[in-house]
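Only one structure is covered here, and it is reproduced in the block below.
The values are calculated or read from the model by the stated rules, or taken from the named source; none is laboratory data. None of these values were measured; they are calculated from a predicted model. When we count neighbours, we look across all protein chains shown, and the Cβ atoms used for this are built from the backbone with ideal geometry, even at glycine. Only protein heavy atoms, including side chains, enter the accessible area calculation; ligands, DNA and RNA are left aside. Shrake-Rupley method; radii C 1.70, N 1.55, O 1.52, S 1.80 Å.
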Amino acid sequence: MQQITPSKTQGPPAQAATPEARPGSAAPRASNYGYSEAGASWKKKALKSFKASSSSPQWDIDHNNDTLRQRARMLYMAAPVATSAIKTNRTNVIGCGLKLNSRIDAERLGMSQEAAKEWQKKTEAEFKIWAEKKKCLRRYRSK
């Protein structure tokens, strides 16, 4: 039997499909190809009973919001890995509350340290005025 190597645009070869179908489906499923032995596997013990169905994201969020929030709070309080993940995002993600901390190279610019500090202070004040304008808030902040 000749082995077929799929190209990037073709998808899995026809020989990769097995006669057994996914539960609840008449279509054959791929075997030993791509995700079929990973997240899309129906053979792995952890995934055998994992039958995902989805609706709109809004529906999913609205109907499961309370449960997800309660579980997230519990994980934050009781699971160090979850706590660490949240704290890492909180520390490293830029969002609302971004504050300019101007630091210029006074020596390279031929300025005295006092003049550099004054320039930095003035620049930060001007940035703050600009950032608090309604036009800036509409354009650059998330909704």
| Selection from region 14-61 of residues that are surrounded by 11 or more Cβ atoms within 10 Å (Cβ to Cβ), in a helix (DSSP H, G or I) and modelled with pLDDT of 80 or more | D60
| query | When you scan region 98-143, how many residues do you find that are part of a helix (DSSP H, G or I), exposed (fewer than 10 other Cβ atoms within 10 Å of the Cβ) and at pLDDT 90 or above? | reply | 3
| request: For region 85-96, state whether one or more residues are at pLDDT 65 or above, over 30 Å from E132 (Cβ atoms) and open to solvent by less than 100 Å² (accessible area, probe 1.4 Å). | output: yes
